Amino acid sequence: MITRRQFCATAASAAILARAPSAFAQTNYELIIKGGRVIDPSVGIDAVRDVAISAGKIAAVAPNITASAPDTIDARGKLVVPGLIDIHTHAGRSKEGPPMCLQDGVTGWVDAGSGGADNMDQVAAVARGAPQIGRCLINISRVGIAPGELLDLTRANVDLARGAIARNRDVVIGVKGRMSNNVAGANDLEALRRAQAAADGLPVMIHVGQNYSPLRSYFSLLKRGDIVTHIYAPGPNSLLDDKGKLIPELMQARRRGILFDFGNGVNDHFDWATVEAATKQDFWPDTFSTDWNVMSRTTGVVDMPNVMSKLLMFGMPLSAVIAAGTVNAARIFPSFDDRGTLNVGAPADVAVLELREGEFEFLDNYKGTRKGKQRLFPVATVVGGKKAPARA
Ligand SMILES: [Zn+2]
């Protein structure tokens with residue numbers, strides 16, 4: 001809460017600063033990230049720049065900022081991008097999750113359905129205690145994610161979900177439903193209708209892959225701004241028809257403003273053949289997400305930069321990859337309105353990444369490997385203007 005007196009004092013000192021000689025103003029930077037290749041698709045920059053941070057905000061993005069600062073990051077030869085935003089994680093399952101993925105460059109995450117009405121309060125508490133911005137989608141099943149959580153449709157209780165959203169309005173920003181046959185069976189469409197009823201206009205994310213119903217039947221129940229995750233999951237009922245062509249309803253849904261998320265995960269969420277067939281027909285993800293949990297570093301997910309690297313070898317341009325991991329994700333949810341950007345005045349959430357060249361092996365969910373010539377690695381993370389501890 002800022003009192004009127006504090007506000008006036010702040011405004012006055014800002015006015016003094018604005019008039020002060022530049023040498024004085026420059027010394028107020030707390031951290032300067034020097035000499036990196038800044039890729040910020042939100043403002044269309046891809047150039048070597050310094051990034052200066054003051055009072056937890058981006059203060060300047062310019063060539064050769066000569067001011068000194070108490071702290072610097074030497075980013076020469078590295079990429080400097082907006083802090084990564086991972087819209088499908090399970091970082092809210094335990095308080096150990098958020099600090100771990102922060103080291104991977106993830107300065108904003110969405111926990112997608114770990115909690116339902118019965119256990120949402122615990123997940124929400126983890127989000128509130130996180131070192132970066134953390135938000136949650138409530139599972140339409142009251143039990144959250146569990147084996148076959150929607151096979152008993154009475155668990156998809158709209159009133160209970162609405163109550164849990166109302167109790168946690170500060171961090172619950174949408175609703176999740178898992179549509180796969182082994183999760184929902186033939187209850188899928190009714191569960192999705194109930195997810196929309198509980199959401200009451202908030203975004204709904206559906207998890208697809210090996211569904212009972214065809215994808216087009218879900219699309220007709222989705223509104224602009226809703227998200228389909230695990231979009232490259234193999235069939236039955238994938239995004240490809242039995243001749244390997246994209247189903248026509250896919251592009252219709254995209255034109256209508258439905259968003260398509262990668263959703264790496266571990267089991268049955270993507271295979272290389274589906275990625276290859278879809279991307280050859282120019283179907284690229286709007287967003288990357290890891291489906292991350294604290295075990296992910298050992299399961300082939302590894303980290304958000306690794307997941308983002310997986311489409312480089314299929315020809316997705318680097319700037320599009322960075323956009324999908326930053327500004328595209330930020331635009332989905334109003335809570336992230338000022339994120340996914342290095343625009344002056346935005347919260348200083350920054351990921352320093354290294355794009356290494358060589359031969360790197362990547363995994364799908366079926367132990368299939370592909371070799372790529374480029375891989376992104378996390379180097380340093382800044383959140384709210386402060387350096388995060390480096391990864392061990
Ligand atoms: Zn998930």
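Residue by residue, here is whether (1) within 16 Å of the ligand (Cβ to nearest atom); (2) buried (at least 18 other Cβ atoms within 10 Å of the Cβ); (3) within 23 Å of Arg49 (Cα to Cα); (4) among the aromatic types (Phe, Trp, Tyr) holds:
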{"position": "Val80", "(1), (2), (3), (4)": "no, yes, yes, no"}
{"position": "Ile87", "(1), (2), (3), (4)": "yes, yes, no, no"}
{"position": "Ala91", "(1), (2), (3), (4)": "yes, yes, no, no"}
{"position": "Ser94", "(1), (2), (3), (4)": "yes, no, no, no"}
{"position": "Leu102", "(1), (2), (3), (4)": "no, yes, no, no"}
{"position": "Gly105", "(1), (2), (3), (4)": "no, yes, yes, no"}
{"position": "Gly108", "(1), (2), (3), (4)": "no, yes, no, no"}
{"position": "Ser114", "(1), (2), (3), (4)": "yes, yes, no, no"}
{"position": "Asp118", "(1), (2), (3), (4)": "no, no, no, no"}
Breaking point among (1) surrounded by fewer than 20 Cβ atoms within 10 Å (Cβ to Cβ); (2) modelled with pLDDT of 95 or more, for Gly340:
(1)
Condition first: among the β-branched types (Val, Ile, Thr), open to solvent by 40 Å² or more (accessible area, probe 1.4 Å) and touching a residue at least 60 places away in the same chain (Cβ under 8 Å). Can you find one or more residues in segment 264-282 that meet it?
yes
Testing Val126 on (1) buried (at least 24 other Cβ atoms within 10 Å of the Cβ); (2) hydrophobic (A, V, I, L, M, F, W, C); (3) away from the ligand (no atom under 15 Å from the Cβ), one condition comes back false. Which one is that?
(1)
Could you give me the residue pairs with C-beta distances under 8 Å whose first residue belongs to segment 233-250 and is more than 11 Å from Pro214 (Cα to Cα), whose second residue is open to solvent by 50 Å² or more (accessible area, probe 1.4 Å) wherever it lies, and which are 6+ apart or on separate chains?
Ala233/Asp268; Pro234/Asp268; Pro234/Ala273; Lys245/Gln281; Leu246/Gln281
Scanning segment 41-70 residue by residue, the ones that are in contact (Cβ under 8 Å) with a residue 60 or more places away in the chain and either open to solvent by 60 Å² or more (accessible area, probe 1.4 Å) or out of contact with any Lys or Arg (no Cβ under 8 Å at 6 or more places or on another chain) (or both) total 13
Looking only at segment 151-160, decide whether some residue is touching a residue at least 24 places away in the same chain (Cβ under 8 Å), at negative phi and within 14 Å of the ligand (Cβ to nearest atom).
no
Exception for Pro203 within (1) within 15 Å of the ligand (Cβ to nearest atom); (2) closer than 26 Å to Gly185 by Cα; (3) within 15 Å of the chain's Cα centre (by Cα) falls at (1)
Does Asp303 satisfy being within 17 Å of Trp109 (Cα to Cα), of a type in the set (D, E, K, R) and open to solvent by less than 20 Å² (accessible area, probe 1.4 Å)?
yes
Determine whether segment 26-38 contains at least one residue that is surrounded by fewer than 20 Cβ atoms within 10 Å (Cβ to Cβ), at pLDDT below 95, outside any loop (DSSP other than H, G, I, E, B) and away from the ligand (no atom under 16 Å from the Cβ).
yes
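The values are calculated or read from the model by the stated rules, or taken from the named source; none is laboratory data. Bear in mind that the values here come from a model prediction, so they are computed numbers and not experimental data. All Cβ positions, even for glycine, are placed from backbone atoms using ideal geometry, and neighbour counts span all protein chains on display. We work out accessible area using only protein heavy atoms, side chains counted, and drop any ligands, DNA or RNA first. Shrake-Rupley method; radii C 1.70, N 1.55, O 1.52, S 1.80 Å.
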